[in-house]
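Have a look at the structure below, then the notes.
Quick note: the coordinates plus some simple rules give every number you see, no bench work behind them. What you see is a predicted model; the values in this text were computed from it and never measured. We place every Cβ from the backbone using ideal geometry, glycine too, and count neighbours over all the protein chains shown.
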Ligand SMILES: [Zn+2]
C-alpha cells in the first residue's frame, strides 16, 4: 500500500476549507528612517496589514512622528538597540545601559526586544528579564539588506511562511547592509501579505503572536564556537550603526 503523504500544516489548513487566520509577524529592524519608514507604512496601510518595528533609539528620538504614526496605525513599536553592537562584544553592564538609555526614547509601552543581529547571550537574557522585555528572533530571513529584488526575497522565504512565522526585514539601512536604500523591502510588503493571506495567515504585531516565540537568530543557534562568533550569514561587518 502506498502511504498517504503527510500534508504540510499550510496545505492541511487550506484543504479543511476554512481560514482560521493564524498569525504571522512582519518585522522591520534598523529604523525609523525618514525616507523609507513612511513608504513601508504606506505599503502596510494599502495592504491593511499590521507589523512590528524594532527601532534604533537615537533614530526614534530624531523621528518621534514616525513612532507616533506606527502606533496610530496599529503597529507595535519594539526595541532594537541604542548602539548597534553585537552582544557577544559587550559586557553585561553595557547591555543593560544600552536598554536603559534606549527605552525612554521609544516612549509608550515597549514589551519586545530584538538584539542586533539577533545575538543573545546569557547577559542578554538577564537584562531582558530585568526590564520585562520578551526577546524576539525570526523564522524567515528575507536578507533584504543584500538589495535583492522582491521576487528573489519572496522565493527565499516562501517555504517559511507558516502559522506563527516571524519575517525579518529592515526599514532602515544598518551596518553591513549592501544596499543604498530599502525600496526592495517597500515593494516586498504587498506580495508578502498576499502570499500570507493565500495561506490563511494574517499579519499581526508580535505581541499578538502565541508564545513561545523564537528568541534569537536561528543561524546563531545552529553555529558553534568560532563559527558563531563570525555570524557568517548576517551583515556583521560593523559594530557601530552607520
Ligand atoms: Zn539591526
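Quick notes on this structure:
- Note on residue 101 and residue 178: the extension gain reaches 24.9 nm, defined as 0.36 nm multiplied by sequence separation minus the Cα-Cα distance.
- With viscosity 1.002 mPa s and temperature 20 °C, the Kirkwood radius over alpha carbon pairs of the range 100-198 converts through Stokes-Einstein to a diffusion coefficient of 141 µm²/s.
- Computed from the C-beta positions of residue 88 and residue 211 and an R0 of 25 Å, the FRET efficiency is 0.45 to the nearest 0.05.
- Label-to-label distance, nm, for residues given as residue 111 and residue 68 (7 Å Cα→Cβ offset): 2.5
- Pairwise FRET efficiency - residue 155 versus residue 61, Cβ, R0 = 25 Å, nearest 0.05: 0.10
- With Cα atoms as the point set, the range 160-224 shows a radius of gyration and Dmax of 14.0, 37 Å.
- Highest mean first, the peptides 41-51, 90-100 sorted by other C-beta atoms within 10 Å per residue fall in the order 41-51, 90-100.
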